[in-house]
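Some notes on the structure that comes next.
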Amino acid sequence: MILVTGRRHAFALPIAQQLGFDLWLVCSNGAITRSLSGETFHRDLLPEQTCRDLCAAMQEFRGQTVLTFDKDGRGAIVVETLQHLEGSIQRWLEKNMDYVELVVPIEKSLTTDPVQAMFCGPVALMQEALKTLGSCGLPITVLRTEYQGRDLSIVDVLNAGCSKGHALERWASYRGIPREQVMAIGDNYNDIEMLAYAGRSFIMKNASKDLHGRGWTLTRSNAESGVAAAIEHVLHGTALETAVAGTE
């Protein structure tokens, strides 16, 4: 089993450890693949110069910019200011405050390749950020995670070709697992590449609307233990009990 998440390894680790067995984690949307003990299988970092060019292209969104680095302690997360982020990702900031460093201008933190850049804010504002990213001409991968009910959109910028799907394919190939035997479960836009790769793909009932209608099997919602239901369905053929195929 491998957990695939958009979160940093250090942030996801306490949750993974609760499962009580050894496993690997694909973190930061595919940029880092690392074991519970800290052994690294693969890193796909955003080149320093590309990130500098990105910061220049995204001047309008500097208040929403977050850079993450593959290191422990303060400086793993870098921002110029917290002012514009506290309204959108306050709880995330509170949980990660021991890792946050303020650097002005943010480019001064680029003494090594970052894991990724991230832009966070209201959905409408991040739609504008996506347009700017789409026209900047840089060799990057742009992924988004969106929560309409919270009016929150998180736009992740990674190295070109980096995604959860590519990381999962790399891991499965290394372990000799054919695609047909790979199962994936997701609920947001940044899961699309992973779901497209897996031979058996499930989406949560409350998944983002663009994930529905792609032929992926619907399981229960997050609040209804949809992951457990999908696993039980594959292992034992139990019913998924998802009479409603709409979105939330």
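Taking only DSSP H segments of four or more residues, each worth -39500 (n - 2.57), what value at 222 nm results for the chain once the sum is divided by all its residues, to the nearest 500 deg cm²/dmol?
Taking each H run of at least 4 residues, the total per residue is -8500 deg cm²/dmol.
Using only Cα atoms, locate the centre of segment 66-84 and the centre of segment 97-158, then give the distance between them in Å, rounded to an integer.
Segment 66-84 and segment 97-158 have Cα centres separated by 12 Å.
Assigning unit charges at the beta carbon (Lys, Arg +1; Asp, Glu -1) and nothing else, what dipole magnitude in debye, to the nearest 20, does segment 27-182 show about its Cα centre?
Charge dipole, segment 27-182, about its Cα centre: 320 debye, nearest 20.
Based on the alpha-carbon gyration tensor of the chain and its eigenvalue square roots a ≥ b ≥ c, which shape applies: rounded if a/c is under 1.5, prolate if not and a/b is larger than b/c, or oblate?
It is prolate, given that a/c is not under 1.5 and a/b is the larger ratio.
What does DSSP give for the chain in terms of the percent of beta bridges that are antiparallel, rounded to the nearest 5?
About 70 percent, rounded to the nearest 5.
Charges on Cβ only, +1 for Lys and Arg, -1 for Asp and Glu, centred on the Cα centroid of segment 48-159; of 50, 93, 153, which one is farthest towards the dipole's positive end?
153
Give the shape of segment 4-58 as rounded, prolate or oblate, defined through the alpha-carbon gyration tensor: a ≥ b ≥ c are the square roots of its eigenvalues, a/c under 1.5 means rounded, and otherwise the shape is prolate if a/b is larger than b/c and oblate if not.
prolate
Nearest 20 debye, what's the magnitude of the dipole of segment 1-68 about its Cα centre given +1 on Lys and Arg Cβ and -1 on Asp and Glu Cβ?
Dipole of segment 1-68, to the nearest 20 debye: 120 debye.
For the pair residue 48/residue 236, report the inter-label distance in nm, with labels modelled 7 Å from Cα in the Cβ direction.
The answer from the label model is 5.4 nm.
Tell me the angle of helix 86-96 to the major Cα principal axis of the chain, expressed in degrees between 0 and 90 and rounded to the nearest ten.
Long axis of 86-96 versus the principal axis of the chain: about 80 degrees.
If a/c stays under 1.5 just call it rounded; otherwise compare a/b with b/c (prolate if a/b is bigger, oblate if not). Do that for segment 48-159, with a ≥ b ≥ c from the square roots of the Cα gyration tensor eigenvalues.
oblate
Bear in mind these aren't lab numbers, they're just calculated from the coordinates by the rules spelled out. Since the structure is predicted, the reported quantities are computational estimates derived from the model, not experimental observations. So basically every Cβ, Gly included, is an ideal-geometry build from the backbone, and we count neighbours across all protein chains shown.
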